[in-house]
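Below is one structure, written out as structure tokens, with a few remarks after it.
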Amino acid sequence: VQLQASGGGLVQAGGSLRLSCAASGRIFSNDAMGWFRQAPGKEREFVAAVSWNGGSTLYADSVKGRFTISRDNAKNTVYLQMNSLKPEDTAVYYCAADTDRVLPVSTTRNYDYWGQGTQVTVSS
């Protein structure tokens, strides 16, 4: 089972990036999916999560109104559209699957499959 995150890079403040998380080895269409991030010297933190069918989403206050999570179950892929990026968004971003739930939660320990991470760097 593998979650492959991609789409990270270097962008100026105010710019946009779209992250993708492609799953293989298992179908995640019945599972909630989430994005987390970890900056140097900080703990991993919740960013956004989406329900099994995309009908329910959850966001951290710090990204609400700027980031949008979505999914395409036909492609077994989850996306994170990031707009109006700020230097404080700089981190390694991880996608994750919560195979015990269909609705999104923000608790890191609930997620049992994790991708390898993709670096997002926002310059000021």
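The values are calculated or read from the model by the stated rules, or taken from the named source; none is laboratory data. As the structure is a prediction and not an experimental result, all values here were calculated from the model. Virtual Cβ from ideal backbone geometry, glycine too; neighbours counted across all protein chains shown. These accessible areas exclude ligands, DNA and RNA; they are computed on the full protein's heavy atoms, side chains included. Shrake-Rupley method; radii C 1.70, N 1.55, O 1.52, S 1.80 Å.
Condition check: surrounded by fewer than 15 Cβ atoms within 10 Å (Cβ to Cβ) and either farther than 15 Å from Cys95 by Cα or in contact (Cβ under 8 Å) with a residue 24 or more places away in the chain (or both). Does Arg26 satisfy that?
Values: surrounded by fewer than 15 Cβ atoms within 10 Å (Cβ to Cβ): yes; either farther than 15 Å from Cys95 by Cα or in contact (Cβ under 8 Å) with a residue 24 or more places away in the chain (or both): yes.
So Arg26 fits the description; yes.
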Selection status of Ser51, more than 16 Å from Arg18 (Cα to Cα) and touching a strand residue (DSSP E or B) at 6+ places or on another chain (Cβ under 8 Å): yes
Filter pass, Thr107 being among the hydroxyl-bearing types (Ser, Thr, Tyr) and surrounded by 16 or more Cβ atoms within 10 Å (Cβ to Cβ): no
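Can you find even one residue in the stretch 78-86 that is in contact with a Gly (Cβ under 7 Å, 6 or more places away or on another chain), of a type outside the set (Phe, Trp, Tyr), open to solvent by 40 Å² or more (accessible area, probe 1.4 Å) and not in a strand (DSSP E or B)?
Yes: one or more hits.
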Residue within the stretch 34-55 that is modelled with pLDDT under 95, within 16 Å of the chain's Cα centre (by Cα), over 12 Å from Gly117 (Cα atoms) and not in a loop (DSSP other than H, G, I, E, B) present: no
Count - residues of the stretch 1-33 that are in a strand (DSSP E or B) and within 27 Å of Ser124 (Cα to Cα): 11
Filtered residue count, the stretch 63-77, keeping only those that are open to solvent by 30 Å² or more (accessible area, probe 1.4 Å) and part of a strand (DSSP E or B): 4
Any chance Thr99 is modelled with pLDDT of 95 or more and more than 26 Å from Ser123 (Cα to Cα): no
Residue selected from the stretch 95-124 under the condition of a type in the set (A, V, I, L, M, F, W, C) and assigned to a strand (DSSP E or B), by the criterion farthest from the chain's Cα centre (by Cα): Val122
Qualifying positions in the stretch 1-19 - under 20 Å from Tyr113 (Cα atoms) and either in contact with a Lys or Arg (Cβ under 6 Å, 6 or more places away or on another chain) or open to solvent by less than 30 Å² (accessible area, probe 1.4 Å) (or both): Val1, Leu3, Ala5, Gly7, Leu19
